[in-house]
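Contents: one structure, followed by commentary.
The values are calculated or read from the model by the stated rules, or taken from the named source; none is laboratory data. Keep in mind the model is a prediction, meaning the values are calculated, not measured. When we count neighbours, we look across all protein chains shown, and the Cβ atoms used for this are built from the backbone with ideal geometry, even at glycine. Surface areas here come from the heavy atoms of the whole protein model, side chains and all, with no ligands, DNA or RNA. Shrake-Rupley method; radii C 1.70, N 1.55, O 1.52, S 1.80 Å.
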Amino acid sequence: MRNAASQPDPVAQARLHALVDGYRPLAGTRDEMVDASGRPRRHWEPVLAALAAGRRSEIDAAFAIADRHQQDSGVYYRVYDHGESKERAWPLSHLPLVIPENEWAAIGAGLIQRAALLDTILTDIYGEATLVRDGALPAAVIAGSPDFLRPVVGVVPRGGRMLQVYAADLGRGPDGRWWVLGDRAQAPSGMGYALENRIALSRALPELYGRMNVLRLAPFFQAWRGALAAQADRANSRIALLSPGPLNETYFEHAYLSRYLGFLLVEGGDLTVRDGAVYVRTIGGLKRVDVVVRRLDSEFADPVELEPSSQIGVPGLVQAVRAQSVALANALGAGVLESRALLGFLPALSRRLTGEDLLLPNVGTWWCGQQAEREHVADALDRLALAPAFSRVEGWPFGPVPVAGAGLDSRQRAAALDFLESSGRGVVGQDIVRLSTMPVWREGRLEPRPFTLRAYVVATPDGWEVLPGGFCRVAESQDPRALSMQLGGRSADVWITSERPVDLSVTLLPQPGAPVVRRVIGYLPSRAAENLFWLGRYLERAEATLRVVRCLAGLSVENSETNGPAREALFRLLDLLGAWGAAPVPTPLLRGTTTAAIEASLFGAGQPGSVRRLLEEVRRTASVIRDRLSPDAVRALAALANPFDHPADHQRGPGASLEMAEHALRIIAAFSGLAQENMNRLSGWRFLEIGRRIERGVLTGRFVRRLADRDAPPSCLDALLELTDSQITYRARYLMGAQRLPVVDLVALDDGNPRSIAFQVARLRDHLAGLSDLPNHAELDVPQKIVLQLSTALKVIDISDVETETVLSVENRLMDLSNEITQRFFTQAGVAADGAEDAS
């Protein structure tokens with residue numbers, strides 16, 4: 001968009017008036033952009049001027065930059081619908097929520113006061129319990145919450161602080177006051193998305209962003225990272241972010257924050273507790289973890305002492321916390337602070353514990369476990385909302401979000417009153433807050449939408465630090481109930497604007513005096529290594545299937561299926577697909593068999609070796625290591641897999657299949673190029689390559705056995721050269737048609753041919769040698785011995801001695817190598833001493 005700070009433009013002035021005059025705030029609400037008289041608020045004037053300075057096409061182009069950035073970065077969240085989950089592109093609202101710095105200072109003071117109060121309450125709940133003993137807090141408010149964890153009562157966390165990260169969901173009422181709608185202390189989400197929103201919008205509106213002196217987010221994240229690092233009591237400490245895994249709705253954020261802050265992204269299976277300490281399984285052995293940023297609910301964190309059915313926790317974690325060998329952010333059991341039942345007691349608790357009223361009051365809440373409050377809620381039902389008091393309330397007849405009493409029909413009203421009377425401890429009544437609105441850009445004009453703001457604070461050695469911004473959720477319609485990201489809401493950046501120039505010097509780079517050069521980044525977790533290994537194998541397996549399909553399609557276009565020189569090659573290729581589960585075994589070979597086998601090999605949902613099923617595995621393994629793949633690589637894999645999800649959208653026939661196979665092969669080649677040119681030559685890259693080389697060696701061996709036995713006709717040898725991309729090399733070397741011995745030499749024994757078995761073995765030897773500097777690595781371990789034996793055998797064998805059994809023995813040794821690599825690097829039985837850091 002054009003620079004709105006230049007001389008007034010009559011056309012721009014006319015656009016400005018049209019934007020403001022066409023904006024219709026909702027009756028009975030406060031609007032963030034305009035005041036009650038319809039005049040723009042001062043801090044919104046630069047935004048309006050920028051919109052008015054550009055034509056609609058320019059504005060749309062600028063917003064498209066933000067959308068493209070988030071698409072290129074792979075920003076997503078997971079949506080659950082009708083028992084299924086799917087990834088959905090992150091819905092960005094293109095206009096920021098603008099708040100002046102002086103107003104934000106008041107909000108920040110209220111957040112700090114509230115965070116400190118909740119930390120004190122949490123410490124008392126799991127400590128001396130004086131609030132319950134003195135009657136200031138009913139015992140049922142605590143014990144009735146499923147988030148209260150009795151096994152951690154009396155556990156004092158390392159450093160003494162229970163609450164390290166706190167978020168509050170805020171809404172503004174018609175009178176302009178901010179209200180706390182809910183507290184978030186379990187594992188507050190959204191900071192990563194707030195950071196991504198900032199990056200996307202600042203790229204779309206760079207001049208406006210700079211001119212408005214928007215406070216930067218980096219100092220907050222720097223302070224948080226420093227505070228976590230300060231809790232470690234040794235050099236070479238490790239901070240891990242514990243995620244439930246890629247099926248969690250905010251897994252992208254887990255991966256994004258880990259990469260941005262330099263944390264180790266782990267799942268429960270990556271960690272183990274030994275002698276009261278927490279370790280991460282790595283390719284170099286077990287390595288001590290000092291701080292865990294917890295992003296899974298407390299009850300699932302330890303199946304030994306908490307929820308025994310948990311498959312995502314760390315057995316023994318509670319004991320490690322009890323021994324103070326690891327610091328957790330937040331402490332186990334912190335979710336008890338999120339219950340709505342507690343909200344009604346916070347004003348009195350604040351006066352009792354701090355001598356102050358709440359600077360940020362929460363929405364009026366009455367816990368119906370007390371008779372007077374229950375009667376008040378029943379009498380005032382038409383002007384209150386009902387909501388479950390805790391995260392889970394058995395028998396509650398409505399959903400998890402508040403439901404307005406006035407909106408209940410007679411049957412629902414009777415059910416609500418009956419539940420109040422019989423199970424009032426599980427219900428709260430709340431004042432209904434009419435949320436303020438902010439503008440969104442729709443079809444060239446501005447429209448008001450209700451919003452809420454999630455604001456964050458973190459504990460540091462110097463006190464609480466407030467994020468100068470936040471995670472803003474904007475309703476898709478004028479109905480404030482559509483604020484959930486699961487229900488179609490959108491997200492907006494939050495700009496805290498200053499009258500002074502902002503400090504641009506603070507980044508997440510190391511500070512002066514600290515080491516600024518580091519070429520290794522710690523040991524690679526075993527799970528990440530294993531998934532990179534299998535990503536390479538599945539990609540190579542899909543590529544081989546696509547090459548067979550391409551060869552089949554080409555042969556079937558040029559030849560008859562039932563006779564002709566290519567009949568034997570067709571049959572053997574079809575038999576090959578059947579052998580590895582890509583298509584049904586064709587017996588006998590009839591007209592139409594090839595086309596049916598090609599379709600099954602590409603799209604067969606019931607064929608374990610089909611391209612579709614293999615790419616599902618590619619997508620699954622890639623999702624687990626998304627933090628280790630570049631956005632370009634993630635985008636390439638998505639482009640590879642997406643066409644195979646909807647087979648009905650594609651044309652049928654050998655010609656269409658040939659085109660589709662070639663397109664997919666080009667994408668795989670692009671991914672391989674990205675891996676070769678963009679991935680650092682550290683352990684992660686090596687395991688990706690090892691997986692590919694083992695699989696390529698095995699599959700090339702199968703090609704040789706099926707297509708180059710002593711009875712193979714020339715058509716089969718030609719097909720083998722095509723499958724291994726070796727036609728050009730063969731023709732350059734030999735001025736004759738395909739002959740068995742030269743073909744086998746080129747495809748199996750020539751270590752200069754990147755598709756040959758010998759080449760794969762040579763590369764495997766290089767990669768395993770590159771891993772030999774890991775601790776506890778024998779001078780020549782089993783995987784290296786296998787590769788050395790294979791390399792020697794392939795070098796000394798005479799070409800005339802290469803038989804089907806010879807090739808099969810090489811394949812079997814490569815499979816043995818795969819098993820030994822799994823044993824050596826992906827399973828850990830003992831504790832390796834923490835020494836110097838290794839490349840990962």
Q: Of the numbered conditions (1) modelled with pLDDT under 95; (2) more than 30 Å from ALA61 (Cα to Cα), ARG352 fails exactly one; give the number of that condition.
A: (1)
Q.
Looking for something out of contact with any Lys or Arg (no Cβ under 9 Å at 6 or more places or on another chain), in a helix (DSSP H, G or I) and free of Cβ contacts under 8 Å to residues at least 12 places away in the same chain - is there at least one such residue anywhere in segment 210-224?
A. yes
Q) GLY424 passes all but one of (1) over 28 Å from GLN186 (Cβ atoms); (2) open to solvent by less than 30 Å² (accessible area, probe 1.4 Å); which number fails? A) (1)
**Q.** Residue under evaluation PHE63, criteria (1) open to solvent by 50 Å² or more (accessible area, probe 1.4 Å); (2) within 30 Å of GLY444 (Cα to Cα), criterion not met
**A.** (1)
Q) Any idea how many residues of segment 643-659 are assigned to a helix (DSSP H, G or I) and either at pLDDT 90 or above or open to solvent by 40 Å² or more (accessible area, probe 1.4 Å) (or both)? A) 6
(Q) Can you find a residue that is over 18 Å from LEU118 (Cα atoms), modelled with pLDDT of 95 or more and of a type in the set (Asp, Glu) anywhere in segment 365-374? (A) yes
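Conditions (1) assigned to a helix (DSSP H, G or I); (2) open to solvent by 20 Å² or more (accessible area, probe 1.4 Å); (3) under 13 Å from ALA542 (Cβ atoms), marked per residue:
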site	(1), (2), (3)
GLU599	yes, yes, no
LEU602	yes, no, yes
GLN607	no, yes, yes
ARG635	yes, yes, no
GLU662	yes, yes, no
ALA670	yes, yes, no
GLU677	yes, yes, no
ASN680	no, yes, no
Q.
I need the full set of residues from segment 146-193 which are among the hydroxyl-bearing types (Ser, Thr, Tyr) and more than 29 Å from the chain's Cα centre (by Cα), in order please.
A. none
Q: Assess whether GLU695 counts as being under 42 Å from the mean Cα position of the chain (by Cα) and free of Cβ contacts under 8 Å to residues at least 40 places away in the same chain.
A: no
Q.
Here is a check on your reading of the model: is LEU286 modelled with pLDDT of 95 or more and either open to solvent by less than 30 Å² (accessible area, probe 1.4 Å) or touching a Cys at 6+ places or on another chain (Cβ under 9 Å) (or both)?
A. no
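Among ALA648, ALA675, ALA664, which is without any contact (Cβ under 8 Å) to a residue 24 or more places away in the chain, in the same structural domain as GLU530 (by TED's automatic domain parsing) and within 30 Å of ASP632 (Cα to Cα)? Before the answer, list the steps.
On the way: ALA675 fails: without any contact (Cβ under 8 Å) to a residue 24 or more places away in the chain; ALA664 fails: without any contact (Cβ under 8 Å) to a residue 24 or more places away in the chain.
It is ALA648.
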Q) Would a scan of segment 28-45 turn up a residue that is aliphatic (A, V, I, L, M), under 30 Å from ILE432 (Cβ atoms) and touching a residue at least 40 places away in the same chain (Cβ under 8 Å)? A) yes
**Q.** Residue list for segment 56-75, restricted to those being outside any helix (DSSP H, G or I) and of a type in the set (Ser, Thr, Tyr)
**A.** SER73
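Can you pull out the helices (runs of 4 or more DSSP H) entirely within segment 305-393 that have at least 3 residues that are open to solvent by less than 10 Å² (accessible area, probe 1.4 Å)? Walk me through it before giving the result.
Working: elements: 317-322, 340-343, 346-354, 371-379.
By residue number, 317-322, 340-343, 346-354.
Restricting the search to segment 707-723, which residues are part of a loop (DSSP other than H, G, I, E, B) and either within 46 Å of the chain's Cα centre (by Cα) or buried (at least 21 other Cβ atoms within 10 Å of the Cβ) (or both)? First the steps, then the outcome.
Taking segment 707-723 as the starting set, the residues that turn out to be part of a loop (DSSP other than H, G, I, E, B) are 708-713.
Of everything in segment 707-723, those that are part of a loop (DSSP other than H, G, I, E, B) and either within 46 Å of the chain's Cα centre (by Cα) or buried (at least 21 other Cβ atoms within 10 Å of the Cβ) (or both) turn out to be ALA708, ALA712.
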Q) Does VAL314 fit the bill of being within 28 Å of PHE687 (Cβ to Cβ) and of a type in the set (Val, Ile, Thr)? A) yes
Q.
So for segment 22-29 (the condition being open to solvent by less than 50 Å² (accessible area, probe 1.4 Å), among the polar types (S, T, N, Q) and at pLDDT below 85), does at least one residue qualify?
A. no
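I'd like to check something: does segment 157-170 contain any residue that is among the charged types (D, E, K, R), over 26 Å from LEU241 (Cβ atoms) and assigned to a loop (DSSP other than H, G, I, E, B)?
Residues of segment 157-170 among the charged types (D, E, K, R): 158, 161, 169.
Narrowing further to those that are over 26 Å from LEU241 (Cβ atoms): none.
Among the residues of segment 157-170, not one is among the charged types (D, E, K, R), over 26 Å from LEU241 (Cβ atoms) and assigned to a loop (DSSP other than H, G, I, E, B), which makes the answer no.
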